[in-house]
Amino acid sequence: MKLVLNKDVMSIEKEQDVVPFRNRVKEYAVKIGMSLVNQTKLITAASELVRNMLKYGGGGVTIIEVISQGRDNGIRLVFQDKGPGIKDISLAMKDGYSSGKSLGIGLPGAKRLVNEFDIKSTLGEGTTVSIIKWKNG
Amino acid sequence: MKTDIAKLLQKKKKQLLESWMTKQLSDAMLREDLMSNEELREQSNEFLDELLKAVATNHVEDINAPAYEQVKEVLSGISISRAKQGFSPRETGIYVFSLKEAIQQVLKEEISDDIQLLYQTTLSFNKLLDSLGVVTFETYIKGREEVIMRQTDEITEISTPVIQVWEGILALPIIGTLDSARTQVVMENLLQEIVETGSTIAILDISGVPAVDSLVAQHLIKTVAATRLMGAECIISGIRPEIAQTVVHLGIDLSNIVTKSSLASALKYAFGMLKLEVKKNHKEKTTE
Amino acid sequence: MERIPILRMGKFLLVTIQIDLYDRLATNLEADLVQMVNKTGARGVLIDISALSIVDSFMGRILGNIGSMSKIMDAETVVVGMQPAVAITLIELGLELKGVHTALNVEKGMELLKTRIDAEDEEIIEEEDEAGTE
Ligand SMILES: Nc1ncnc2c1ncn2[C@@H]1O[C@H](COP(=O)(O)OP(=O)(O)OP(=O)(O)O)[C@@H](O)[C@H]1O
Ligand SMILES: [Mg+2]
């Protein structure tokens, strides 16, 4: 069972919101004593997802949570947008696939950087991505 | 009625503690090397205090009642510290179970006139102490797990030494299997050391790695790639013939990586990169 | 508008990124650098990222772009000072930073640029020599 110890909500509307959001994530990761490498992985994944949210979802809301399971602590991040949604999730998750002439490594790369990754999307309604990085994961 | 029992036990606390201590001390396996008798007495006294306090609240059988929080905490503390100090499960178990005997004894002496009550009370206390026994084991095992985890960490640390073999050259002999957790540690240590020493060449020696499958190869390739991103070069040495065979059979592409059969030849190659030369001294012996 | 300063040092341009950039700042840097390479005829570009705590795919792409664009204009790019945690993360993310060289620090980056440019210039001189003797 995962317990939520702390919760913070930030809305992301413009690219200037990205750096403050990353800093907030970093604060929480430092607070729970996450190692530098894991912090860096988490923040990089967060950066990818928040960027997708801005670029394809027209902005949205992020939730930052400190969670605990057994004796492990971690950070859960949720990215929620009300954009067009993703038609083919397994295609979007492929390395190198991009509808925006980019590298197409944001989603699959973010998944590799964290311990748990969950994506849900409904066409016309929006996309929600949720990730967890454990302190020692 | 229960409160009467609680009062009774409170009154007999001194006797109870003595009898419990005697039982603990009479165990032939008692580890006086790990804990002095005074310490043991103090610990037992504290625990007994908490237990009697909780019993006085009328919940004898239900250790999940809030009144038992403190009891469980004290007991967990004792069990965890015993696990860490190296007590055996038997020694840790006897601690609680000998208290059961001591309580039974007091009850038997004090309420011998009411068999029904004696039976009921003994039953309740047995159940209580059995539950506490379970708590002891749970926390004892948790304590052992922590010890094991710490040791695992230490072993990973120890087994990935980074050695500076020359100015600008680091060597990292890997011994044992290279899994992803280990690779993580290797990478972190190596890259950190590269920054600290300003070395531009790292030699990863895998002669102590029993087998290289595609996963291990992936890990090696990642380590080399990370080293290059930092601006240093990474050579892999210690490629035994068997490893060369499996690598090719598995279709793993190592062509982008500098590989050498031995640490010595990797070192020679590294010297070459740094434009260094090792020469034999031909000077004539003058002492004759 | 806020911009990252670009320093000119002889044949080289030096950029020290001291803060985590938001996107517009990074895109500006790309444009400014390419302009500068053109204007100054610089042969090398040195980007110090030792203060960057993360490099995501966006920043990675900008660095790669700078490398490729400079290359077309005959300048080499070296990215120096990447933090170990950043390097490990980039590998896991799947970014290779093609088109740029890397070095441990500014000093080593300079050395690298010098040897590369000297080597190129020597080739040219040799070619000229051969042409002259015929
Ligand atoms: N929040 C979102 N809403 C709608 N579509 C999305 C969203 N996130 C991702 N996608 C779609 O999934 C594709 C893959 O995303 P991914 O982040 O892997 O690559 P990218 O953003 O195109 O490139 P990169 O992240 O490498 O710059 C995107 O091109 C886009 O079509
Ligand atoms: Mg993306």
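The values are calculated or read from the model by the stated rules, or taken from the named source; none is laboratory data. Source: prediction; values computed, not measured. No Cβ is skipped: glycine too gets one built from the backbone with ideal geometry, and neighbour counts run over all protein chains shown.
A few comments on the model shown:
- Applying a threshold of 6 Å to beta carbon distances and a minimum spacing of six or more residues, or different chains, the list of pairs starting in the stretch A:96-111 at a residue that is closer than 13 Å to C:Asp56 by Cα and ending at one that is within 8 Å of ligand 2 (Cβ to nearest atom) and part of a loop (DSSP other than H, G, I, E, B) reads A:Gly104/A:Ser98.
- Residue within the stretch A:88-111 that is at pLDDT 95 or above, away from ligand 1 (no atom under 13 Å from the Cβ) and not hydrophobic (A, V, I, L, M, F, W, C) present: no
- Qualifying positions in the stretch B:44-100 - among the aromatic types (Phe, Trp, Tyr) and assigned to a helix (DSSP H, G or I): B:Phe47, B:Tyr68, B:Tyr95, B:Phe97
- Tabulated pairs, the stretch C:103-121, first within 13 Å of C:Lys11 (Cβ to Cβ), second surrounded by fewer than 18 Cβ atoms within 10 Å (Cβ to Cβ) and modelled with pLDDT under 95, C-beta under 9 angstrom, 6+ apart or interchain: C:Met110/C:Met9; C:Leu113/C:Lys11; C:Lys114/C:Lys11; C:Ile117/C:Lys11; C:Glu120/C:Asp74
- Single residue of B:Thr197, B:Thr246, B:Thr227 found to be within 14 Å of chain C (Cβ to nearest Cβ), farther than 20 Å from C:Gly94 by Cα and of a type outside the set (A, V, I, L, M, F, W, C): B:Thr197
- For the stretch B:93-127, a residue qualifies if it is under 24 Å from B:Ala83 (Cβ atoms) and either among the polar types (S, T, N, Q) or in contact with an Asp or Glu (Cβ under 7 Å, 6 or more places away or on another chain) (or both), and the qualifying residues are B:Ile94, B:Ser98.
- Per-region count, the stretch A:88-103, residues of a type in the set (A, V, I, L, M, F, W, C) and out of contact with any Leu (no Cβ under 6 Å at 6 or more places or on another chain): 3
- Some residue of the stretch C:73-81 being within 14 Å of chain B (Cβ to nearest Cβ) and assigned to a loop (DSSP other than H, G, I, E, B): yes
- Failed criterion for A:Val50 (all others in (1) in a helix (DSSP H, G or I); (2) within 14 Å of ligand 2 (Cβ to nearest atom); (3) under 20 Å from A:Val4 (Cα atoms) hold): (3)
- In the stretch C:86-122, of all residues being at the interface with chain B (Cβ under 8 Å from one of its Cβ atoms) and among the small types (Gly, Ala, Ser), the one that is surrounded by the fewest Cβ atoms within 10 Å (Cβ to Cβ) corresponds to C:Ala103.
- A single entry from A:Ser11, A:Ser35 fulfils the requirement of being more than 10 Å from ligand 1 (Cβ to nearest atom), closer than 24 Å to B:Ala226 by Cα and small (Gly, Ala, Ser): A:Ser35.
- Filter pass, B:Arg90 being buried (at least 16 other Cβ atoms within 10 Å of the Cβ) and basic (Lys, Arg): no
- Which listed residue is assigned by TED's automatic domain parsing to the domain that holds B:Gly133 and farther than 16 Å from B:Leu128 by Cβ, from B:Gln85, B:Gln70: B:Gln85
- Of all the numbered requirements in (1) in contact with a helix residue (DSSP H, G or I) (Cβ under 7 Å, 6 or more places away or on another chain); (2) under 24 Å from B:Leu254 (Cβ atoms); (3) away from every other protein chain (no Cβ under 12 Å), B:Phe125 misses one, and that requirement is (2).
- Residue check for A:Ile43: over 12 Å from the mean Cα position of the chain (by Cα) and either more than 9 Å from every other protein chain (Cβ to nearest Cβ) or crowded, with 18+ Cβ neighbours inside 10 Å (or both): no
- Filtered residue count, the stretch B:169-186, keeping only those that are within 14 Å of chain A (Cβ to nearest Cβ) and touching a Lys or Arg at 6+ places or on another chain (Cβ under 8 Å): 1
- Any hit, the stretch A:104-122, residues being of a type in the set (Phe, Trp, Tyr) and within 11 Å of ligand 2 (Cβ to nearest atom): no
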